[in-house]
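Please read the structure below before turning to the comments.
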Amino acid sequence: ESLEWSLSKIVRIESGAVRITTTDLRALLSLYGITDKSRVADLIATAREARQTPWWKKDFGDIASEQYLQFVEFEQTAEEILSYEPLFVPGILQTQDYANVITLDLARDPAPERLKGFVVFRLERQKLLRAKQPPKMSFVLDESAVRRLVGSADIMSGQVSHLTDLAEHP
């Protein structure tokens, strides 16, 4: 009421459906009595950064579905990731060879450029594993996920070796 904003505007901001503008943020901070210049500057900088198009939408928005882009956003901003996979190795843990085969097998759109782009996207997501402050991650794979032949014995051997290497990291 103090800002004469509609309830729907507040809901859209709080739900993350829209990113807050710096003007609206300044109004809220004033209303909340937050006047420390350093704190205000940090929050304004964070709001500006949040309004930038993230790499996954900028670089891969034409390849992936909106639902998949939303999943990647959750993944990239999570503090903790817990995953159980009964059928396949999760995308973020896949080798390029495994990803090539699995993507081709599951593709709805088998256009070669699109498939290649999707594999590149999948591998780009893996940078999260080596980020300065990665989320805490726990993956539980059913035995069949690593025993099921995807591609060839060489591909599976490379995938299992990759998983073993990843398991050495905290």
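The values are calculated or read from the model by the stated rules, or taken from the named source; none is laboratory data. Treat the numbers as computed from the prediction; the structure is a model and nothing was measured. With ideal geometry, Cβ positions are generated from the backbone for all residues, glycine too; neighbour counts draw on all protein chains shown. For accessibility, only protein heavy atoms count, side chains too; no ligands or nucleic acids. Shrake-Rupley method; radii C 1.70, N 1.55, O 1.52, S 1.80 Å.
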Query raised in the report: Does any residue of the range 86-96 turn out to be in contact with a helix residue (DSSP H, G or I) (Cβ under 8 Å, 6 or more places away or on another chain) and open to solvent by 90 Å² or more (accessible area, probe 1.4 Å)?
Result: yes
Query raised in the report: Taking the stated definitions as given, is residue 77 closer than 22 Å to residue 24 by Cβ, open to solvent by 50 Å² or more (accessible area, probe 1.4 Å) and within 11 Å of the chain's Cα centre (by Cα)?
Result: yes
**Report entry** Candidates 137, 156, filtered to the one that is of a type outside the set (Ser, Thr, Tyr), part of a strand (DSSP E or B), surrounded by 11 or more Cβ atoms within 10 Å (Cβ to Cβ) and modelled with pLDDT of 90 or more
**Finding:** 137
Report summary line: Counting only residues in the range 48-70 that are touching a Ser or Thr at 6+ places or on another chain (Cβ under 9 Å) and open to solvent by 50 Å² or more (accessible area, probe 1.4 Å), the one farthest from residue 125 (Cα to Cα) is identified as 48
Report summary line: Over the range 106-128, the set of residues over 22 Å from residue 161 (Cα atoms) and either touching a residue at least 60 places away in the same chain (Cβ under 8 Å) or surrounded by fewer than 19 Cβ atoms within 10 Å (Cβ to Cβ) (or both) is 106, 107, 108, 109, 110, 111, 112, 113, 114, 115, 116, 117
Query raised in the report: What number goes with the only condition from (1) in a loop (DSSP other than H, G, I, E, B); (2) closer than 19 Å to residue 55 by Cα; (3) among the small types (Gly, Ala, Ser) that residue 117 does not pass?
Result: (1)
Query - Leading residue by the ranking (farthest from residue 21 (Cα to Cα)) among those in the range 63-93 that are free of Cβ contacts under 8 Å to residues at least 40 places away in the same chain and acidic (Asp, Glu) - result: 66
Query raised in the report: Any chance the range 38-47 includes a residue that's of a type in the set (Val, Ile, Thr) and open to solvent by 90 Å² or more (accessible area, probe 1.4 Å)?
Result: no
